[in-house]
1. Around residue 62, which amide H atoms from residues at least 5 apart in sequence, or from another chain, sit under 5 Å from its own amide H, with H modelled in the peptide plane?
2. Would you mind counting up the charge near residue 58? Only other residues with Cβ under 10 Å from its Cβ, with Lys and Arg at +1 and Asp and Glu at -1.
3. If you roll a 1.4 angstrom probe over the protein chains with everything in place, what fraction of the accessible area of the chain belongs to carbon and sulfur, to the nearest %?
4. Going down the table (109/158; 69/135; 85/167; 81/155; 69/96; 69/155), which pairs top 27 Å between alpha carbons?
5. With Cβ to Cβ distances under 9 Å as the rule, what net charge do the other residues near residue 169 carry (K, R +1; D, E -1)?
6. Please state the shape class of segment 100-153: rounded when a/c is under 1.5, otherwise prolate if a/b exceeds b/c and oblate if not, all from the C-alpha gyration tensor.
7. Compute the relative contact order of the chain as a whole-number percentage, counting only Cα pairs closer than 8 Å that sit 6 or more residues apart in sequence.
8. Going by a ≥ b ≥ c, the root eigenvalues of the Cα gyration tensor, does the chain fall in the rounded group (a/c under 1.5), the prolate group (a/b larger than b/c) or the oblate group?
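The values are calculated or read from the model by the stated rules, or taken from the named source; none is laboratory data. Fair warning: this is a prediction, and the values are worked out from it, not measured in the lab. Cβ atoms come from the backbone with ideal geometry, glycine included; neighbour counts cover every protein chain shown. Accessible surface is based on the protein model in full, side chains and every heavy atom, while ligands, DNA and RNA are left aside. Shrake-Rupley method; radii C 1.70, N 1.55, O 1.52, S 1.80 Å.
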Amino acid sequence: MVNSNRKGGAGERELVTEANIHLGAQHNTEFHRNTYNQRREAGHSDLICDDPRFPFAIESKREKSGSFKQKWMDQAVEAGKKSQKFPVVAYRFDRKQWRVVMRLGDLMKMYQGNDADFNDLNADLVTVSLPTFLKIADEIFSDVKRDPQRFAPRKCDKCDGSGEIEKLLQDPSGFPFEIDFMAPCETCGGVGLC
């Protein structure tokens, strides 16, 4: 019987090898297992790239059999939020090929850019083969290297990036009294970025 941690580690090594063959040499970078951060704190991607511009947080799953599990994507989304990268899950079952799952909204944003809002499509998932994902990753990584701001969060239009908007509070009884105050922007949640 194979230990699940050992099987998971073997799966991560398989993915690292494929990423280095198909992306590493071409982009003059190297991919590694993220064992250090994973042991220290939950919510980090399984694979990391020496080039911080690589736009994907990759969660790796290697199991005997079964089907894709939503909790895997939830893990990838958590890692993606931490690193501000697109979450993807690469998984493989025994005697099967690698499959890669991405959120549809993220895939649309990769090709349309950050100005397009496709977040409402992120509940839908897209599954592709590993070779197809590596082609997508190559194309998007090349785009990000040419334009590092391609997926950078943009300044909120409503608060102009300050995270606050001016509000006017009037006396509900009709007394002629008003107070101007600054409140967190509802559009960006007070962050200033969308």
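1. Those lying under 5 Å, H to H, from residue 62 are 92.
2. Computed value for this residue: -2.
3. Ligands and nucleic acids excluded, carbon and sulfur give 49 percent.
4. Numbers: 109/158 22 Å; 69/135 24 Å; 85/167 34 Å; 81/155 18 Å; 69/96 16 Å; 69/155 35 Å.
Among 109/158; 69/135; 85/167; 81/155; 69/96; 69/155, the Cα-Cα distance tops 27 Å for 85/167; 69/155.
5. Values: positive: 167; negative: 171, 178, 180.
Its environment carries a net charge of -2.
6. Since a/c reaches 1.5 but b/c is at least a/b, the shape of segment 100-153 is classed as oblate.
7. 13 percent
8. Here the chain falls in the prolate category.
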